[in-house]
Amino acid sequence: MTFLLTKTPKRVFFCMVFLALLGPGIGAAETDAELLKQADALVSYPGTDFYAEYTLVLDKPGQGRTTTVAAVFRRDSRETYVIIILEPLATKGQGYLKQRNTLWFYDPQSRRFNSTSSQDRFQNTNARNSDFTRSNLAGDYKIISGEDAVLGRFQCRLLTLEAVHDDVTYPRMKIWISDDGLVRKSEDYSLSGQLLRTSAIPDYYQIGDKYIPKRILFVDALRGAMIDGKFVNEKTQITINNPSFEGIPNSVFSKTFLESVNQ
Amino acid sequence: MRRVLTGLLFLVLLWVAVAGLNAQASATDLLESDLDSLFDEPEDGREDLSEGDQKTSAGRMDESSDSDQTAPVSLIKKEGMTFTASYSFSAGYSPGWSESPWFWNSESPDFTQLVAAKMKSSLSLNFQISPSFRVFQSLSFSFPGYDSDLFSGFDLSMGDFFCDYTLQDSVYFRIGKHNVNWGISRNYPYTNLPVRIPLGSSGGDAYAVKTDIPLGVGGFQLLVLARTGFFEDIQSPRAEEAAYGLKYNLALPLADTDIGLFYHKDMRLRAMFSVKTTLWEKWEAYGEGLVSLDQDSLDDPVFAGGIGFFNDFLDGKLTVNGEYFFNGERYTNYLQTEDGIFEEDVVPFIYGHNVALNLIGRPFKGSFRLFARWLHNFSEGSGQIVPGFSLRPFENMSLNVAFPLALGGRNGTYYSKNADQLNRPFSAVIALTFSGSYKTGDGPSK
């Protein structure tokens, strides 16, 4: 009995210490998961349609800059979007139509549709086709670790993510979520851990309880050129203008609409 | 001639009017910054109103201001005009023989040398008159021109001339002179039923009323199509002389499917289907089929069908298209429209088993291309192979060299009827072309 009396408090003590050590970890993991869901929710619009004009400026070191302007129509409730290229004239009228995991590309020159990959570069910039769809980080990735971090003026939670399936563009990511729940920065990695791209979203629009990135900067870690003996990365800035949550006709999310714009 | 000059002057004036339009300036401020330093800067205050939520560090837009905006669809179909001028000046030399090399021992072939020079311009205007109404018109001018194979100096012809009208963002009409294309195959367009023409007909320009009704991602298409060659008396066309078509597109994530029906009183009733999908992320695979019936008895079914693929290999340095096509129909033609490579021509479909293989190689950086096209009909034992190369040594200049060679016996279709101007079974083509186009304006592009 004495043995039991002496052993039991020890066991209880160790259990309490163990739980005390583990407890915050479990709590943080739950908090991080919630944070990731919140980050998705703030920039997803399942209850409404979304439209905006995206201006993409690609800066190729040593080759100058090229500008692409695109009209983006999104209907998150059906996981679909339509993108129409408005500028430059050479590619004006090219269009993209996302239908679940399938992405149709329409070329007005050949007047044909071809399926393309969400993981491909958008108009040869540093943006990917998947950058235009709704955010689903919580569904596509699992959290490997989380820690507090400072990003300029933002107090952030830095999460390391790993993809749970192969349909994502990047198998590994690090994302910085500021204390208002918005993704501010991400680093995209290959499966082997090679840094592929860094993204920054310094500011957002807010319309009601919805948030829209205002400017996004992509820095390609692999593409660039040697300028004066130094590797200069290729960059793309996206500026989003005229965002709107007005209803969009169903026919916009059809191949006929893409053909009608500039056939 | 005065009309022509007036028309050209009108186009030039319109071009001058829109030439001063500038593209919208683009935001590039982040490109100048170091990525991490972006977060040290104060928030962009443009949308950060006084009641802006500092906690969220985000600008706030007034929701009510959106109500003044034009509907999103109207924003991309805003009124405007685009002017496009395309020019092409070609000079070519083509030696050729009246027999393929393996017949040279039995007969001495005729050797001919063709020289060609061609100049062509196309001026087009594309007006978005309102978000729901658009008009496109083009005018082509070429030299030399031929009228019924007789040299006539130059040709002035109308290209596409049509209007698009969108009814309540639900029904899309296209009315006027334009081509309609169905099907997938670029080698054997047997499911492209609108380009079919009756035996003995020259076809002619297509005038069509096309109605598209979206349904999901795909939708229905209703077609009324007439060609100048369909009418006995072009001055008084009759409804029964036109062709009628119906097509339904079912676009699913796994496959893009078309089924269609096409009727003309002088042709068999034809129904087609096509399916296209992407396999293993890179292989674009397609299958097509056709059944034709006697239109009076709705009997005597004849079938045609095939499968094909596209894929890029060697990191995009080699593009391959292969196709098998079985044609159960005999004595059928289609109208090949001029597309910059081929002249407009009536082309036969050959009965039996056909294969096609197209290769495009890009061994070096730059514009140099090696290509080869092989078409073969095993039932007839006739084929055609066209190896060659092309390059653009300087801007707006291209050089094309090809060696078309007919395979098989002299009675084969490819031996007697091919893309060569004189239907020579063996020739070489060297063509130098200066070409380019200029496009300006803020309206739609074609």
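The values are calculated or read from the model by the stated rules, or taken from the named source; none is laboratory data. Just so we're clear, the structure is a prediction, and the values are computed from it rather than from any experiment. Ideal geometry is used to build each Cβ from the backbone, glycine not excepted, and the neighbour counts take in all protein chains shown. For the accessible areas, the whole protein counts, side chains as well, though only heavy atoms, and no ligand, DNA or RNA atoms are used. Shrake-Rupley method; radii C 1.70, N 1.55, O 1.52, S 1.80 Å.
List of remarks:
- Folded to 0 to 90 degrees: helix A:2-42 orientation relative to chain A principal axis, Cα: 10 degrees
- Both radii come from the Cα set of the range B:315-413: Rg as radius of gyration, Rh as Kirkwood radius; their ratio Rg/Rh reads 1.03.
- Within the accessible surface of the range B:184-316, defined with a 1.4 Å probe on protein heavy atoms only, the carbon and sulfur portion equals 62 percent.
- Peptide-level mean, for B:241-252, of C-beta atoms on other protein chains within 10 Å: 1
- Efficiency of FRET from Cβ geometry, B:Ile234 and A:Glu79, R₀ 45 Å, rounded to 0.05: 0.30
- R0 of 41 Å, Cβ-Cβ distance A:Leu195-B:Ile259: FRET efficiency to nearest 0.05: 0.25
- Chain lengthening between B:Asp266 and B:Phe378 when straightened (0.36 nm per residue, less Cα-Cα): 37.4 nm
- Using θ = phi - 60° and Karplus 6.51 cos²θ - 1.76 cosθ + 1.60, couplings along the range B:428-435 (whole Hz; Gly, Pro as x): 10, 10, 10, 9, 10, 10, 10, 8
- Our analysis of the range A:62-186 gives Rg over Rh at 1.03, with the two radii drawn from alpha carbon positions and Rh computed by the Kirkwood formula.
- For the pair B:Lys282 and B:Leu359, label points projected 7 Å from Cα toward Cβ lie 1.7 nm apart.
- Buried on assembly, the range A:28-62 (at least 30 Å² less accessible surface than by itself, 1.4 Å probe): A:Tyr51, A:Glu53, A:Val57
- Within the listed set A:Gln63, A:Gln94, A:Gln194, the residue fluctuating most in the Gaussian network model of chain A (springs between alpha-carbon atoms under 10 angstrom) is A:Gln63.
- The H on the amide N of A:Asp203, modeled in the peptide plane, is under 5 Å from the matching H of A:Lys214, A:Arg215, each at least 5 residues off or on a different chain.
- Here the Karplus relation 6.51 cos²θ - 1.76 cosθ + 1.60, evaluated at θ = phi - 60°, turns the backbone of the range B:109-125 into coupling constants of x, 7, 9, 10, 10, 9, 10, 9, 9, 9, 10, 8, 10, 9, 10, 9, 10 Hz, with x for every Gly and Pro.
- Backbone amide hydrogens, once placed in the peptide plane, bring B:Ser382 within less than 5 Å of B:Asn377, excluding anything fewer than 5 places away on its chain.
- For the range A:111-116, putting each phi into the Karplus relation 6.51 cos²θ - 1.76 cosθ + 1.60 with θ = phi - 60° gives couplings of 6, 10, 9, 10, 7, 10 Hz, in residue order, rounded to whole numbers and with x for Gly and Pro.
- More than 26 angstrom apart: percent of Cα pairs within chain A: 49 percent
- Average accessible surface for the range A:175-246: 34 Å² per residue, computed with a 1.4 Å probe over protein heavy atoms with every protein chain in place.
- Atom-type composition of the exposed protein surface of chain A places 54 percent of the accessible area on carbon and sulfur (1.4 angstrom probe).
- Modelled label positions at B:Phe303 and B:Tyr248, each set 7 Å beyond Cα in the direction of Cβ, lie 2.1 nm from each other.
- Sparsely packed GluC sites (Glu not before Pro) within the range B:206-284, loop by DSSP, other Cβ within 10 Å at most 12: B:Glu232, B:Glu281
- In the range A:74-138, taking the dipole from charged Cβ atoms about the Cα centre, the farthest positive-side position among A:Gln94, A:Thr80, A:Pro108 is held by A:Thr80.
- Counting only protein heavy atoms and a 1.4 Å probe, the range B:272-383 has 55 square angstrom of accessible area per residue.
- Globularity index of the range A:72-136, i.e. its alpha-carbon radius of gyration over 2.2 N^0.38 Å: 1.06
- Within the range B:98-146, the percentage of alpha carbon pairs spaced more than 16 angstrom apart rounds to 69%.
- Sites B:Asp296 and B:Ser170, calculated FRET efficiency, Cβ-Cβ separation with R0 30 Å, nearest 0.05: 0.20
- Burial annotation for the range B:407-446: residues with an accessible-area loss of at least 30 Å² between the isolated chain and the complete set of protein chains, computed on heavy atoms with a 1.4 Å probe, are B:Lys439, B:Ser445, B:Lys446.
- Buried between A and B is an accessible area of approximately 6300 Å², summed over both sides with a 1.4 Å probe.
- For the residues of B:210-222, the average number of beta carbons from a partner chain within 10 Å of their own beta carbon is 4.
- Label-to-label distance for B:Phe326 and B:Phe111 is 4.6 nm, based on points extended 7 Å past Cα in the beta-carbon direction.
- In this Cβ point-charge picture (+1 for Lys and Arg, -1 for Asp and Glu), the range B:262-319 has a dipole of about 160 debye about its Cα centre.
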